[in-house]
Amino acid sequence: MGSGQWKPTEVLFKNALVYRRQGDPSEDPFVRADLLVEGNRVRRIAYRPERFDLPCDGPGRVVIEGSNLALVPGFVDAHTHLLQTFGRGLMDGLPLTPWLRLIWDYKLSWDGYYYSTLLGALEALASGTTCVSEMITECAHPDAVVQALVDSGLRASVGLAIADYMEGENTPARATDAALKLAEDFVTAWDCRSDGGGSGAGKSRVDKPGAKSDGNPYSKSDLGGRLLARIAPVGLPACTKELLQGAVELSGAYGVGIHIHACEGRAETESSFARFGKSEIEVLDECEVLSPGTQLVHVVWVDDHDIDLIARSGSSVVQCPSSNVRLLDGVTPVVKMQKAGIPVALGGDGAASSGAYDMLVEGRFAAMLQRLTMGDASVLSPHDVMDMLTRNGARAAGWVDLGDLSEGCLADLVGFNVDSPRLAATDCHALLSNIIFAASTRDIELVMVDGKIVVSRGNHTALNVGDVVERAREVLRRERIPRSQVWRGSGA
Ligand SMILES: [Zn+2]
(Lines give C-alpha, C1' and ligand atoms only; values in the text may rest on other atoms or scores of the structure.)
Protein backbone atom coordinates (compact mmCIF):
# COMPACT_ATOMS: atom_id res chain seq x y z
CA MET A 1 0.00 0.00 0.00
CA GLY A 2 1.56 3.28 -1.05
CA SER A 3 1.18 6.70 0.43
CA GLY A 4 -1.75 8.89 -0.45
CA GLN A 5 -5.31 9.32 0.63
CA TRP A 6 -7.14 6.38 2.07
CA LYS A 7 -10.44 6.06 0.22
CA PRO A 8 -12.00 2.59 0.58
CA THR A 9 -15.20 2.47 2.59
CA GLU A 10 -14.87 -1.21 3.52
CA VAL A 11 -11.85 -3.27 4.50
CA LEU A 12 -12.08 -7.03 4.83
CA PHE A 13 -9.31 -8.82 6.73
CA LYS A 14 -9.48 -12.36 5.43
CA ASN A 15 -8.54 -15.33 7.60
CA ALA A 16 -6.67 -13.35 10.27
CA LEU A 17 -5.94 -14.27 13.88
CA VAL A 18 -8.34 -11.96 15.71
CA TYR A 19 -7.82 -11.16 19.39
CA ARG A 20 -10.91 -12.20 21.31
CA ARG A 21 -10.98 -11.29 24.94
CA GLN A 22 -12.40 -14.11 27.00
CA GLY A 23 -13.68 -14.07 30.53
CA ASP A 24 -11.84 -17.35 31.01
CA PRO A 25 -8.11 -16.93 30.29
CA SER A 26 -7.76 -20.63 29.45
CA GLU A 27 -9.78 -20.09 26.26
CA ASP A 28 -7.94 -19.19 23.06
CA PRO A 29 -7.10 -15.47 22.96
CA PHE A 30 -6.81 -15.52 19.15
CA VAL A 31 -9.33 -17.07 16.78
CA ARG A 32 -9.15 -17.36 12.98
CA ALA A 33 -11.77 -15.08 11.48
CA ASP A 34 -12.75 -12.72 8.70
CA LEU A 35 -13.14 -9.19 10.06
CA LEU A 36 -15.04 -6.55 8.11
CA VAL A 37 -14.56 -2.84 8.75
CA GLU A 38 -17.26 -0.60 7.34
CA GLY A 39 -16.71 3.15 7.62
CA ASN A 40 -15.13 3.67 11.04
CA ARG A 41 -16.56 0.60 12.77
CA VAL A 42 -15.98 -3.14 12.93
CA ARG A 43 -19.17 -4.31 11.26
CA ARG A 44 -18.87 -8.11 11.23
CA ILE A 45 -16.54 -10.81 12.50
CA ALA A 46 -16.97 -14.29 11.05
CA TYR A 47 -15.13 -16.69 13.36
CA ARG A 48 -14.14 -20.07 11.98
CA PRO A 49 -15.55 -22.60 11.83
CA GLU A 50 -18.85 -21.65 13.46
CA ARG A 51 -19.56 -18.74 11.16
CA PHE A 52 -19.15 -18.64 7.39
CA ASP A 53 -16.59 -16.72 5.38
CA LEU A 54 -17.42 -13.16 4.45
CA PRO A 55 -17.52 -12.52 0.68
CA CYS A 56 -14.56 -10.70 -0.84
CA ASP A 57 -16.58 -8.72 -3.36
CA GLY A 58 -18.46 -5.53 -2.61
CA PRO A 59 -18.42 -1.91 -3.76
CA GLY A 60 -15.39 -0.11 -2.36
CA ARG A 61 -14.30 -3.23 -0.47
CA VAL A 62 -10.57 -3.79 -0.09
CA VAL A 63 -9.50 -7.30 0.88
CA ILE A 64 -6.36 -7.80 2.98
CA GLU A 65 -5.03 -11.34 3.18
CA GLY A 66 -4.68 -11.92 6.89
CA SER A 67 -3.20 -15.39 7.26
CA ASN A 68 0.04 -13.90 8.66
CA LEU A 69 -1.70 -11.22 10.71
CA ALA A 70 -2.63 -11.14 14.40
CA LEU A 71 -5.13 -8.33 14.87
CA VAL A 72 -5.40 -6.67 18.29
CA PRO A 73 -7.26 -3.52 19.36
CA GLY A 74 -5.22 -0.33 18.88
CA PHE A 75 -3.24 0.73 21.93
CA VAL A 76 -4.39 3.70 23.97
CA ASP A 77 -1.78 5.97 25.51
CA ALA A 78 -3.92 7.36 28.30
CA HIS A 79 -1.56 10.16 29.32
CA THR A 80 0.75 12.04 26.99
CA HIS A 81 2.43 15.39 26.56
CA LEU A 82 3.30 14.94 22.88
CA LEU A 83 3.91 18.69 22.72
CA GLN A 84 7.06 18.12 24.84
CA THR A 85 8.75 15.94 22.21
CA PHE A 86 11.31 18.65 21.34
CA GLY A 87 12.38 18.44 25.00
CA ARG A 88 13.45 14.81 24.65
CA GLY A 89 16.89 14.20 26.11
CA LEU A 90 17.36 17.75 27.36
CA MET A 91 16.67 17.08 31.03
CA ASP A 92 18.19 13.66 31.48
CA GLY A 93 19.49 12.86 34.94
CA LEU A 94 17.05 14.91 36.99
CA PRO A 95 14.43 13.76 39.49
CA LEU A 96 10.90 15.15 39.39
CA THR A 97 11.09 18.39 41.40
CA PRO A 98 13.96 20.11 39.50
CA TRP A 99 12.66 18.57 36.28
CA LEU A 100 9.31 20.30 36.83
CA ARG A 101 11.04 23.67 37.29
CA LEU A 102 12.63 23.26 33.87
CA ILE A 103 9.64 21.96 31.94
CA TRP A 104 7.63 25.07 32.83
CA ASP A 105 10.24 27.05 30.86
CA TYR A 106 9.65 24.95 27.73
CA LYS A 107 8.11 27.51 25.39
CA LEU A 108 7.78 27.20 21.62
CA SER A 109 6.32 29.04 18.63
CA TRP A 110 3.16 27.84 16.83
CA ASP A 111 5.29 25.86 14.38
CA GLY A 112 7.41 24.57 17.26
CA TYR A 113 4.43 23.11 19.10
CA TYR A 114 3.00 21.77 15.85
CA TYR A 115 6.13 19.87 14.83
CA SER A 116 7.04 18.80 18.35
CA THR A 117 3.58 17.24 18.68
CA LEU A 118 3.55 15.81 15.17
CA LEU A 119 6.90 14.04 15.69
CA GLY A 120 5.57 12.43 18.86
CA ALA A 121 2.29 11.50 17.21
CA LEU A 122 4.02 9.78 14.28
CA GLU A 123 6.26 7.88 16.68
CA ALA A 124 3.24 6.77 18.70
CA LEU A 125 1.33 5.62 15.62
CA ALA A 126 4.26 3.61 14.30
CA SER A 127 4.40 1.67 17.58
CA GLY A 128 0.73 0.71 17.49
CA THR A 129 -0.85 3.54 19.47
CA THR A 130 -4.12 4.59 17.86
CA CYS A 131 -5.45 6.92 20.56
CA VAL A 132 -3.73 9.32 22.93
CA SER A 133 -5.00 11.36 25.83
CA GLU A 134 -2.99 14.54 25.51
CA MET A 135 -2.66 16.96 28.40
CA ILE A 136 -1.48 20.23 26.90
CA THR A 137 0.78 21.71 29.56
CA GLU A 138 1.48 25.47 29.58
CA CYS A 139 1.42 26.43 25.93
CA ALA A 140 0.68 29.65 24.05
CA HIS A 141 -0.62 27.76 21.01
CA PRO A 142 -2.82 24.84 22.05
CA ASP A 143 -4.46 24.90 18.61
CA ALA A 144 -1.09 23.95 17.10
CA VAL A 145 -1.01 20.84 19.30
CA VAL A 146 -4.56 19.84 18.38
CA GLN A 147 -3.93 20.49 14.70
CA ALA A 148 -0.87 18.22 14.75
CA LEU A 149 -2.89 15.46 16.42
CA VAL A 150 -5.61 15.81 13.80
CA ASP A 151 -3.12 15.83 10.93
CA SER A 152 -1.27 12.80 12.25
CA GLY A 153 -4.33 10.56 11.93
CA LEU A 154 -4.42 9.66 15.63
CA ARG A 155 -7.60 9.53 17.70
CA ALA A 156 -7.21 11.84 20.68
CA SER A 157 -8.69 13.13 23.89
CA VAL A 158 -7.30 16.61 24.53
CA GLY A 159 -7.29 18.76 27.64
CA LEU A 160 -5.66 22.11 28.31
CA ALA A 161 -3.85 22.02 31.67
CA ILE A 162 -4.87 24.78 34.08
CA ALA A 163 -3.30 25.92 37.37
CA ASP A 164 -4.01 28.68 39.90
CA TYR A 165 -1.52 27.98 42.73
CA MET A 166 2.23 28.58 42.73
CA GLU A 167 3.68 25.12 43.23
CA GLY A 168 7.22 26.20 42.47
CA GLU A 169 8.85 29.49 41.60
CA ASN A 170 7.76 29.38 37.97
CA THR A 171 4.43 27.50 37.93
CA PRO A 172 2.22 29.23 35.36
CA ALA A 173 -0.55 29.98 37.88
CA ARG A 174 -3.45 32.19 36.83
CA ALA A 175 -6.35 33.72 38.68
CA THR A 176 -8.90 30.96 39.33
CA ASP A 177 -11.60 32.45 37.08
CA ALA A 178 -9.14 33.08 34.27
CA ALA A 179 -7.87 29.50 34.43
CA LEU A 180 -11.40 28.08 34.34
CA LYS A 181 -12.30 30.36 31.43
CA LEU A 182 -9.31 29.01 29.50
CA ALA A 183 -10.48 25.45 30.07
CA GLU A 184 -14.04 26.28 29.09
CA ASP A 185 -12.94 28.07 25.91
CA PHE A 186 -10.78 25.10 25.00
CA VAL A 187 -13.64 22.64 25.45
CA THR A 188 -16.09 24.71 23.44
CA ALA A 189 -13.50 25.08 20.69
CA TRP A 190 -12.43 21.48 20.41
CA ASP A 191 -15.02 19.08 21.71
CA CYS A 192 -16.45 17.79 18.47
CA ARG A 193 -17.98 14.49 19.43
CA SER A 194 -21.48 14.57 18.12
CA ASP A 195 -21.77 16.73 15.02
CA GLY A 196 -18.82 15.71 12.91
CA GLY A 197 -17.19 19.09 13.34
CA GLY A 198 -18.24 21.26 16.25
CA SER A 199 -17.20 24.83 16.65
CA GLY A 200 -13.53 23.84 16.76
CA ALA A 201 -13.65 22.52 13.23
CA GLY A 202 -13.68 26.09 11.97
CA LYS A 203 -10.22 26.63 13.41
CA SER A 204 -8.68 23.73 11.57
CA ARG A 205 -5.68 24.54 9.39
CA VAL A 206 -5.44 21.65 7.01
CA ASP A 207 -2.61 22.88 4.82
CA LYS A 208 0.36 22.94 7.18
CA PRO A 209 3.73 22.06 5.71
CA GLY A 210 4.52 18.42 6.27
CA ALA A 211 1.25 17.29 4.76
CA LYS A 212 1.67 15.81 1.31
CA SER A 213 1.20 18.18 -1.58
CA ASP A 214 -2.09 16.57 -2.54
CA GLY A 215 -3.54 17.90 0.71
CA ASN A 216 -4.04 16.41 4.10
CA PRO A 217 -6.65 13.66 4.07
CA TYR A 218 -7.96 14.52 7.51
CA SER A 219 -10.52 17.17 6.75
CA LYS A 220 -12.66 19.14 9.16
CA SER A 221 -15.39 16.53 8.99
CA ASP A 222 -13.00 13.96 10.48
CA LEU A 223 -12.68 15.82 13.74
CA GLY A 224 -16.01 14.65 15.09
CA GLY A 225 -14.96 11.05 14.99
CA ARG A 226 -11.47 11.34 16.36
CA LEU A 227 -11.38 14.12 18.92
CA LEU A 228 -12.93 14.73 22.30
CA ALA A 229 -12.08 17.24 24.99
CA ARG A 230 -11.24 16.93 28.67
CA ILE A 231 -11.03 19.36 31.57
CA ALA A 232 -7.46 19.18 32.83
CA PRO A 233 -6.52 20.75 36.17
CA VAL A 234 -2.79 20.04 36.20
CA GLY A 235 -2.80 18.51 39.70
CA LEU A 236 -3.52 19.46 43.31
CA PRO A 237 0.03 20.78 44.01
CA ALA A 238 -0.67 23.59 41.50
CA CYS A 239 -4.40 24.05 42.10
CA THR A 240 -6.71 25.49 44.75
CA LYS A 241 -9.85 23.70 45.90
CA GLU A 242 -11.85 26.44 44.18
CA LEU A 243 -10.26 25.58 40.85
CA LEU A 244 -10.98 21.88 41.32
CA GLN A 245 -14.60 22.59 42.22
CA GLY A 246 -14.92 24.84 39.16
CA ALA A 247 -13.41 22.09 37.00
CA VAL A 248 -15.98 19.62 38.28
CA GLU A 249 -18.77 22.06 37.42
CA LEU A 250 -17.40 22.52 33.90
CA SER A 251 -17.07 18.78 33.53
CA GLY A 252 -20.74 18.35 34.42
CA ALA A 253 -21.92 21.28 32.29
CA TYR A 254 -20.18 20.06 29.14
CA GLY A 255 -20.38 16.33 29.76
CA VAL A 256 -16.61 15.84 29.47
CA GLY A 257 -14.32 13.98 31.85
CA ILE A 258 -11.47 15.22 34.02
CA HIS A 259 -7.79 14.48 33.33
CA ILE A 260 -5.49 15.26 36.27
CA HIS A 261 -2.05 14.34 37.64
CA ALA A 262 -2.23 12.91 41.17
CA CYS A 263 0.24 11.66 43.79
CA GLU A 264 3.22 11.70 41.44
CA GLY A 265 6.27 12.60 43.54
CA ARG A 266 6.67 12.11 47.25
CA ALA A 267 7.32 15.81 48.02
CA GLU A 268 4.47 16.91 45.74
CA THR A 269 2.07 14.47 47.40
CA GLU A 270 3.16 15.44 50.92
CA SER A 271 2.49 19.10 50.16
CA SER A 272 -1.20 18.24 50.42
CA PHE A 273 -0.84 17.39 54.11
CA ALA A 274 0.92 20.72 54.71
CA ARG A 275 -1.75 22.71 52.84
CA PHE A 276 -4.93 20.82 53.70
CA GLY A 277 -4.11 18.42 56.53
CA LYS A 278 -5.18 15.43 54.42
CA SER A 279 -4.02 13.29 51.56
CA GLU A 280 -4.19 14.39 47.94
CA ILE A 281 -6.80 11.74 47.14
CA GLU A 282 -8.90 12.81 50.15
CA VAL A 283 -8.87 16.41 48.89
CA LEU A 284 -9.81 15.29 45.36
CA ASP A 285 -12.63 13.25 46.87
CA GLU A 286 -13.81 16.20 48.97
CA CYS A 287 -13.92 18.38 45.83
CA GLU A 288 -15.85 15.63 43.99
CA VAL A 289 -13.11 15.27 41.39
CA LEU A 290 -13.21 11.49 41.83
CA SER A 291 -15.86 10.06 39.51
CA PRO A 292 -16.19 7.43 36.75
CA GLY A 293 -15.28 10.02 34.12
CA THR A 294 -11.98 10.97 35.79
CA GLN A 295 -8.52 9.76 34.82
CA LEU A 296 -5.98 10.07 37.65
CA VAL A 297 -2.42 10.01 36.34
CA HIS A 298 0.57 8.43 38.16
CA VAL A 299 -1.04 7.73 41.60
CA VAL A 300 2.20 6.44 43.10
CA TRP A 301 2.02 7.79 46.68
CA VAL A 302 -1.26 6.37 48.01
CA ASP A 303 -2.28 4.25 51.00
CA ASP A 304 -5.04 1.67 51.33
CA HIS A 305 -7.61 4.30 52.29
CA ASP A 306 -6.80 6.35 49.18
CA ILE A 307 -7.09 3.23 47.01
CA ASP A 308 -10.45 2.49 48.56
CA LEU A 309 -11.69 6.03 47.81
CA ILE A 310 -10.57 5.75 44.18
CA ALA A 311 -12.17 2.32 43.81
CA ARG A 312 -15.50 3.48 45.22
CA SER A 313 -15.55 6.50 42.90
CA GLY A 314 -15.10 4.50 39.68
CA SER A 315 -12.18 6.70 38.56
CA SER A 316 -9.51 5.26 36.28
CA VAL A 317 -5.82 5.28 37.15
CA VAL A 318 -3.16 5.83 34.47
CA GLN A 319 0.28 4.59 35.46
CA CYS A 320 3.33 5.89 33.59
CA PRO A 321 6.07 3.38 34.45
CA SER A 322 8.99 4.71 32.39
CA SER A 323 8.44 8.30 33.44
CA ASN A 324 7.89 7.36 37.09
CA VAL A 325 11.07 5.33 37.25
CA ARG A 326 13.23 7.76 35.30
CA LEU A 327 12.18 10.72 37.49
CA LEU A 328 12.46 8.54 40.63
CA ASP A 329 8.77 8.98 41.51
CA GLY A 330 8.25 5.35 42.47
CA VAL A 331 5.97 2.53 41.35
CA THR A 332 2.17 2.72 41.13
CA PRO A 333 0.67 -0.08 43.29
CA VAL A 334 -1.14 -1.57 40.33
CA VAL A 335 -1.80 -5.04 41.73
CA LYS A 336 -3.44 -3.58 44.85
CA MET A 337 -5.53 -1.34 42.63
CA GLN A 338 -6.53 -4.24 40.41
CA LYS A 339 -7.67 -6.20 43.46
CA ALA A 340 -9.74 -3.20 44.56
CA GLY A 341 -11.43 -3.14 41.13
CA ILE A 342 -9.81 0.05 39.82
CA PRO A 343 -9.39 0.08 36.03
CA VAL A 344 -5.70 0.79 35.46
CA ALA A 345 -4.43 2.07 32.12
CA LEU A 346 -0.99 3.05 30.80
CA GLY A 347 0.59 6.31 29.76
CA GLY A 348 3.83 7.19 28.03
CA ASP A 349 3.78 10.67 29.64
CA GLY A 350 6.05 13.00 27.68
CA ALA A 351 9.20 12.11 25.78
CA ALA A 352 10.96 14.78 27.87
CA SER A 353 10.48 12.52 30.90
CA SER A 354 9.88 8.93 29.76
CA GLY A 355 11.98 9.01 26.59
CA ALA A 356 9.68 7.34 24.06
CA TYR A 357 6.10 6.83 22.99
CA ASP A 358 5.91 3.07 22.74
CA MET A 359 3.05 1.42 24.59
CA LEU A 360 4.38 -2.11 24.18
CA VAL A 361 7.46 -1.02 26.10
CA GLU A 362 5.31 0.64 28.78
CA GLY A 363 3.10 -2.44 29.13
CA ARG A 364 6.06 -4.79 29.35
CA PHE A 365 7.88 -2.58 31.84
CA ALA A 366 4.73 -2.24 33.96
CA ALA A 367 4.37 -6.00 34.21
CA MET A 368 8.02 -6.51 35.08
CA LEU A 369 7.97 -3.78 37.73
CA GLN A 370 4.93 -5.28 39.44
CA ARG A 371 6.39 -8.78 39.31
CA LEU A 372 9.65 -7.58 40.82
CA THR A 373 8.14 -5.36 43.52
CA MET A 374 5.47 -7.92 44.48
CA GLY A 375 7.93 -10.86 44.32
CA ASP A 376 5.34 -12.74 42.28
CA ALA A 377 6.00 -13.72 38.64
CA SER A 378 2.32 -14.41 38.01
CA VAL A 379 0.93 -10.92 38.51
CA LEU A 380 -0.04 -8.73 35.54
CA SER A 381 -0.61 -11.50 33.03
CA PRO A 382 -0.44 -10.81 29.28
CA HIS A 383 -4.26 -10.59 29.38
CA ASP A 384 -4.02 -7.93 32.10
CA VAL A 385 -1.46 -5.95 30.13
CA MET A 386 -3.57 -6.16 26.98
CA ASP A 387 -6.55 -4.84 28.97
CA MET A 388 -4.47 -1.95 30.27
CA LEU A 389 -3.26 -1.13 26.75
CA THR A 390 -6.70 -1.24 25.18
CA ARG A 391 -10.07 -1.26 26.97
CA ASN A 392 -8.85 0.32 30.22
CA GLY A 393 -7.06 3.02 28.26
CA ALA A 394 -10.17 3.73 26.20
CA ARG A 395 -12.27 3.99 29.34
CA ALA A 396 -9.75 6.27 31.04
CA ALA A 397 -9.60 8.57 28.03
CA GLY A 398 -13.38 8.84 27.82
CA TRP A 399 -14.14 6.71 24.76
CA VAL A 400 -16.99 4.23 24.47
CA ASP A 401 -17.05 1.41 21.91
CA LEU A 402 -13.24 1.50 21.82
CA GLY A 403 -10.54 -0.86 22.99
CA ASP A 404 -12.07 -4.10 21.80
CA LEU A 405 -12.40 -6.06 18.56
CA SER A 406 -16.09 -6.87 18.49
CA GLU A 407 -18.92 -6.01 16.15
CA GLY A 408 -19.97 -2.36 16.48
CA CYS A 409 -16.68 -1.16 17.99
CA LEU A 410 -14.69 1.72 16.54
CA ALA A 411 -12.22 0.31 14.04
CA ASP A 412 -8.86 1.03 15.69
CA LEU A 413 -6.55 -1.95 15.39
CA VAL A 414 -2.98 -3.12 15.01
CA GLY A 415 -1.87 -5.98 12.77
CA PHE A 416 1.23 -7.87 13.96
CA ASN A 417 3.16 -10.01 11.48
CA VAL A 418 3.17 -13.51 12.97
CA ASP A 419 5.88 -14.54 10.50
CA SER A 420 8.40 -12.32 12.32
CA PRO A 421 11.18 -14.17 14.16
CA ARG A 422 9.78 -13.01 17.49
CA LEU A 423 6.19 -14.14 16.88
CA ALA A 424 6.59 -17.27 14.76
CA ALA A 425 6.44 -20.80 16.13
CA THR A 426 3.98 -20.25 18.94
CA ASP A 427 0.52 -21.44 19.92
CA CYS A 428 -2.08 -18.73 20.35
CA HIS A 429 -1.64 -18.43 24.13
CA ALA A 430 2.10 -17.99 23.70
CA LEU A 431 1.39 -15.55 20.88
CA LEU A 432 -0.35 -13.18 23.28
CA SER A 433 2.53 -13.47 25.75
CA ASN A 434 5.05 -12.91 22.97
CA ILE A 435 3.28 -9.82 21.66
CA ILE A 436 3.43 -8.35 25.17
CA PHE A 437 6.93 -9.50 26.15
CA ALA A 438 8.84 -9.85 22.86
CA ALA A 439 7.25 -7.94 19.98
CA SER A 440 8.48 -4.60 18.77
CA THR A 441 7.50 -1.87 16.34
CA ARG A 442 9.33 -3.86 13.64
CA ASP A 443 6.66 -6.57 13.86
CA ILE A 444 3.78 -4.20 13.14
CA GLU A 445 2.38 -4.68 9.66
CA LEU A 446 -0.38 -2.09 9.80
CA VAL A 447 -2.14 0.36 12.09
CA MET A 448 -5.77 1.33 11.50
CA VAL A 449 -7.46 4.33 13.15
CA ASP A 450 -11.16 5.06 12.72
CA GLY A 451 -11.38 2.63 9.79
CA LYS A 452 -8.41 4.11 7.90
CA ILE A 453 -5.04 2.42 7.53
CA VAL A 454 -2.66 5.11 8.80
CA VAL A 455 0.55 3.06 8.98
CA SER A 456 1.47 0.30 6.55
CA ARG A 457 4.76 -1.61 6.91
CA GLY A 458 6.28 1.22 8.91
CA ASN A 459 5.21 3.96 6.50
CA HIS A 460 2.60 6.60 7.22
CA THR A 461 0.04 6.40 4.42
CA ALA A 462 -0.57 10.16 4.18
CA LEU A 463 2.51 11.95 5.49
CA ASN A 464 6.09 11.65 4.35
CA VAL A 465 7.78 11.12 7.71
CA GLY A 466 11.21 12.04 6.32
CA ASP A 467 9.87 15.42 5.18
CA VAL A 468 8.23 16.01 8.57
CA VAL A 469 11.49 15.22 10.38
CA GLU A 470 13.45 17.54 8.12
CA ARG A 471 10.96 20.36 8.63
CA ALA A 472 10.90 19.69 12.38
CA ARG A 473 14.69 20.05 12.50
CA GLU A 474 14.50 23.42 10.73
CA VAL A 475 11.80 24.61 13.13
CA LEU A 476 13.68 23.33 16.18
CA ARG A 477 16.79 25.28 15.18
CA ARG A 478 14.78 28.51 15.41
CA GLU A 479 13.24 27.72 18.81
CA ARG A 480 14.72 29.21 21.94
CA ILE A 481 15.17 26.00 23.89
CA PRO A 482 18.48 25.90 25.77
CA ARG A 483 20.85 23.16 24.73
CA SER A 484 20.94 20.04 26.86
CA GLN A 485 24.15 20.99 28.70
CA VAL A 486 22.51 24.22 29.87
CA TRP A 487 19.49 22.39 31.24
CA ARG A 488 21.67 19.91 33.07
CA GLY A 489 23.85 22.71 34.43
CA SER A 490 20.96 24.78 35.72
CA GLY A 491 19.18 21.83 37.21
CA ALA A 492 22.11 20.19 38.94
ZN1 LIG B 1 2.06 14.21 32.81
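Using C-alpha pairs below 8 Å separated by at least 6 residues, the relative contact order for the range 10-123 is 25 percent.
Per residue, the chain reaches -10500 deg cm²/dmol at 222 nm when only DSSP H runs of four or more residues are counted, each adding -39500 (n - 2.57).
Centroid-to-centroid, using Cα positions, the range 382-440 and the range 55-130 are 17 Å apart. Each Cα pair under 8 Å and six or more residues apart adds its separation to the average, and for the chain the resulting relative contact order is 22 percent.
Summed over the residues of the chain and divided among them, the accessible surface reaches 37 Å² per residue at a probe radius of 1.4 Å.
Think of the chain as a dipole: +1 on every Lys or Arg Cβ, -1 on every Asp or Glu Cβ, centred on the Cα centre; then among 39, 255, 319, 39 lies furthest on the positive end. Taken about its Cα centre, the range 75-396 carries a charge dipole of roughly 660 debye when the Cβ of each Lys and Arg holds +1 and the Cβ of each Asp and Glu holds -1.
Applying a DSSP loop filter and a limit of 12 other Cβ atoms within 10 Å to the trypsin sites (Lys or Arg not before Pro) in the range 38-146 leaves 51.
For the chain, the tally of Lys pairs with Cα-Cα distances below 15 Å comes to 4, considering only residues 8 or more apart or on different chains.
Surface composition of the range 75-396: carbon plus sulfur atoms hold 53% of the accessible area, using a 1.4 angstrom probe and ignoring ligands, DNA and RNA. The antiparallel fraction among DSSP beta bridges confined to the chain stands at about 45%.
The values are calculated or read from the model by the stated rules, or taken from the named source; none is laboratory data. Remember, it's a predicted structure, so these values are computed and weren't measured experimentally. When we count neighbours, we look across all protein chains shown, and the Cβ atoms used for this are built from the backbone with ideal geometry, even at glycine. To get the accessible areas, we keep the full protein, side chains included, count just its heavy atoms, and leave off ligands, DNA and RNA. Shrake-Rupley method; radii C 1.70, N 1.55, O 1.52, S 1.80 Å.
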